[in-house]
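Some notes on the structure that comes next.
None of the figures in this text is laboratory data; all of them are computed from the coordinates on show. Fair warning: this is a prediction, and the values are worked out from it, not measured in the lab. Every residue, glycine among them, receives a Cβ derived from its backbone with ideal geometry; neighbour counts consider all protein chains shown.
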Ligand SMILES: CC(C)(COP(=O)(O)OP(=O)(O)OC[C@H]1O[C@@H](n2cnc3c(N)ncnc32)[C@H](O)[C@@H]1OP(=O)(O)O)[C@@H](O)C(=O)NCCC(=O)NCCS
């Protein structure tokens, strides 16, 4: 596990795009998935998040190649204003080729350890209601559903479940 610095923005953008497509392409309009990737995962957009002191990103390397990453947000950088006293796990993604090898678990341990070190009372995240695998993993790791949040993905209304782990 290594922190990712701004100089690796292009490589991280590639990993973000690849894992996003793997996760969501099958159950969503491919054009919307591509539009999201093109907008959110440019090297420049990713570099800005890597320079933001309120955010931290780590990745896992397999023989030097990044295969999974974690992004956490603090304070105003969080995506839900009513949960700002916690630490948000905004992104936790492992390449499908590496699922089920405890890599996601290690990433989540880093998020929880960071939250404890920094004195946050809880960790929270949003997960698409149809992302069954991630939901099952989070429940297994002790998270509970505390609410939901609807948003537009393209022109389709979708729902994230908000989950929280008290520390
Ligand atoms: C969700 C994700 C990060 C989990 O990572 P992973 O490396 O596959 O999971 P791990 O092997 O580390 O498993 C973590 C824990 O969940 C458990 N687990 C794994 N799959 C499970 C399932 N389907 N149901 C219940 N528990 C499960 C594991 O046993 C492990 O628990 P343990 O530490 O007690 O053994 C990964 O599957 C992923 O990247 N998915 C695609 C991207 C995604 O959906 N990201 C989340 C968006 S909100």
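Starting from the Kirkwood Rh over alpha-carbon pairs, what translational D in µm² s⁻¹ does the range 106-154 have by Stokes-Einstein at 10 °C and 1.306 mPa s?
On the way: Rh = 12.4 Å.
In µm²/s, the coefficient rounds to 128.
Over all directions, the average projected area of the alpha-carbon convex hull for the chain comes to how many nm²?
Values: hull surface 36.8 nm².
Orientation-averaged projected area of the Cα hull: 9.2 nm².
Would you please give the FRET efficiency between residue 40 and residue 166, computed as 1/(1 + (r/R0)^6) with r the Cβ-Cβ distance and R0 = 35 Å, to the nearest 0.05?
Working: r = 30 Å, r/R0 = 0.86.
Once the sixth-power term is evaluated, E becomes 0.70.
Output the antiparallel fraction of DSSP beta bridges having both residues in the range 2-166, as a percent to the nearest 5. Numbers along the way, then the final one.
Values: 32 of 34 bridges.
In the range 2-166, DSSP labels about 95 percent of beta bridges as antiparallel.
Using 0.36 nm per residue, how much length does the chain from residue 26 to residue 153 gain when fully extended, once their Cα-Cα distance is taken away?
On the way: separation 127, 0.36 × 127 = 45.72 nm, distance 1.44 nm.
Extra length from residue 26 to residue 153 when fully extended: 44.3 nm.
How high is the relative contact order of the chain, in percent, counting Cα pairs under 8 Å that sit 6 or more residues apart? Kindly include the intermediate steps, with their values, before the conclusion.
Working: 262 pairs, mean separation 28.5, N = 167.
Averaging sequence separation for qualifying contacts and normalising by length gives 17 percent for the chain.
Cα centroid distance between the range 105-167 and the range 24-41, in Å?
The range 105-167 and the range 24-41 have Cα centres separated by 21 Å.
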